[in-house]
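Remarks on the structure that follows.
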Amino acid sequence: MRILLTNDDGIHAEGLAVLERIARTISDDVWIVAPETDQSGLAHSLTLSEPLRLRQVSERHFALRGTPTDCVIMAVRKVLDVKPDLVLSGVNVGANMADDVTYSGTIAGAIEGTLQGIRSFALSQAYRHADGGAPWDVVETHAPDLLRKLMRLDLPDGTFLNLNFPNCAASAVAGTEVTSQGKLDFGLTIDERSDGRGHPYFWLRFGERFGDFRAGTDIHAVREHKISVTPLKLDLTDYAVQDRVARALLDGDAD
């Protein structure tokens, strides 16, 4: 099995090294194409206005000056002679759950793999800044067996899996739960500052967040020290609303 790894934290991120060790428990044919620098929060974006510069770091390890989406495209269309059997994106430092999946470059790596027709999983490790770092032993302990089980799944076209590992000791993980995407309130605020000449500049920053922590959601499972596995799909069509929109258009024509 050929496995392609990417991430959004960059080629030198600790989570990527963890993911490589995990992948090597499954196969010895592991390739890495990851961003040269941190690309967190760039979602499923392409680099179209600047050249993509590819650098070989070592055997089967490449750094690309681009986004996670660029990395998967470059890997499949240029670096590899044969399309990989599996794309693993991560392991992200911090969870990617609820509405945050729309911003995540880690999720984007799995999205692009899915668009390329490749089975794809995103992996993220929850942590708190106050704890001093991510508990990488959680994902490293539990991911190999979990991935082997999930790889046997016959997923529909356009569907990928989002895996989030809880912030606890590896021995304290309370199992795995198949979940739905939760809901969080908008957690970004604007921090205004001034530079040395008095000109304003701004930082986006996260504040305290509240949301829907119902049982069955990804955020509830991780809070309960469970591994969350959420199937996500690329088709964003709201089928339940289609008839309402059609009726509204017909009513408008009648007027």
> So which strands (runs of 3 or more DSSP E) are wholly in the range 126-209 and hold at least 3 residues that are within 28 Å of T237 (Cβ to Cβ), open to solvent by less than 60 Å² (accessible area, probe 1.4 Å) and in contact (Cβ under 8 Å) with a residue 12 or more places away in the chain?
Replying inline: 159-165
> Counting just the residues of the range 210-255 that are among the acidic types (D, E), open to solvent by 60 Å² or more (accessible area, probe 1.4 Å) and not in a helix (DSSP H, G or I), which one comes out modelled with the lowest pLDDT?
Replying inline: D255
>> Given the criterion under 30 Å from F213 (Cβ atoms), assigned to a strand (DSSP E or B) and under 20 Å from the mean Cα position of the chain (by Cα), identify the matching residue among N92, N96.
In response: N92
>> Please determine whether any residue of the range 98-117 is open to solvent by 20 Å² or more (accessible area, probe 1.4 Å), modelled with pLDDT under 95 and touching a strand residue (DSSP E or B) at 6+ places or on another chain (Cβ under 6 Å).
In response: yes
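The values are calculated or read from the model by the stated rules, or taken from the named source; none is laboratory data. Just so we're clear, the structure is a prediction, and the values are computed from it rather than from any experiment. Using ideal geometry, Cβ is built from the backbone for each residue, glycine included, and neighbour counts are taken over all protein chains shown. These area figures cover heavy atoms from the full protein model, side chains too; ligands, DNA and RNA do not enter into them. Shrake-Rupley method; radii C 1.70, N 1.55, O 1.52, S 1.80 Å.
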